[in-house]
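In what follows, a structure is listed as structure tokens, so that the remarks can point back to it.
The values are calculated or read from the model by the stated rules, or taken from the named source; none is laboratory data. These numbers were taken from a predicted model, which means no experiment stands behind them. When we count neighbours, we look across all protein chains shown, and the Cβ atoms used for this are built from the backbone with ideal geometry, even at glycine.
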């Protein structure tokens, strides 16, 4: 029964990634730990494989709709990949316990929920054009994007968070991307940095590859459905409600520690 429930929730993870470009790994880690009884470090490593694969699959319908900005992704992705690998190696240090990782994960979840509830920077193109005219972007915003990429990458490797909640506002604010394009681009970034984050965990943990495969298939189904539903739903309509849900899960994770 727990296996079935866990995989139904995996479909929900995919829906989140497909619809709002983030939130998948924030849910994947608690589901793997508390529903499917996976050890925390293994759950973080497994979530990187799952979310990375699902994000890559989710890019396909966004690409077909013209919602992936390769140029911006090329600026953000390399440093994010480096950060993810460094974060994973940081997790291998002897004094980094599973409790420290889960408390860090819970704190990141709280931060993510606040960002999603407040909906920072996710404005319509008209609002952003008006704001840009009165408050021009800094000349060096091209440097801000890779710096944030490095920071989000470290979080990805250390606690298994894909970071779509931070990537999307950065792409909107500093990359001047429309929200739908930011969502599609964030999925491409998440896929690449999840891969290097996972490489950093090799030889640290034992992985249940059968669970990874079945969980990934369920989440991939949700992602394809979610990406298709972006034609109907606006991300900002769903983001706030999802933020409150993430906050509840964050309180649960921190309370368990």
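On the given criteria, is residue 26 under 12 Å from the mean Cα position of the chain (by Cα) and either over 19 Å from residue 216 (Cβ atoms) or free of Cβ contacts under 8 Å to residues at least 40 places away in the same chain (or both)? When the stated conditions are applied, residue 26 does not pass them.
Yes/no per residue for (1) closer than 23 Å to residue 249 by Cβ; (2) surrounded by fewer than 22 Cβ atoms within 10 Å (Cβ to Cβ); (3) in contact with a strand residue (DSSP E or B) (Cβ under 8 Å, 6 or more places away or on another chain):
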{"residue": "152", "(1), (2), (3)": "yes, no, no"}
{"residue": "156", "(1), (2), (3)": "yes, no, no"}
{"residue": "159", "(1), (2), (3)": "yes, no, no"}
{"residue": "162", "(1), (2), (3)": "yes, no, no"}
{"residue": "168", "(1), (2), (3)": "yes, no, no"}
{"residue": "184", "(1), (2), (3)": "no, no, no"}
{"residue": "188", "(1), (2), (3)": "no, no, no"}
{"residue": "192", "(1), (2), (3)": "no, yes, no"}
{"residue": "203", "(1), (2), (3)": "no, yes, no"}
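For the stretch 1-37, the set of residues classified as surrounded by fewer than 23 Cβ atoms within 10 Å (Cβ to Cβ) and outside any helix (DSSP H, G or I) consists of 1, 36, 37, listed by residue number.
There is at least one residue in the stretch 210-217 that is buried (at least 24 other Cβ atoms within 10 Å of the Cβ) and under 21 Å from residue 39 (Cα atoms). When residue 233 is tested against (1) out of contact with any helix residue (DSSP H, G or I) (no Cβ under 6 Å at 6 or more places or on another chain); (2) crowded, with 16+ Cβ neighbours inside 10 Å; (3) modelled with pLDDT under 80, only condition (2) is not met.
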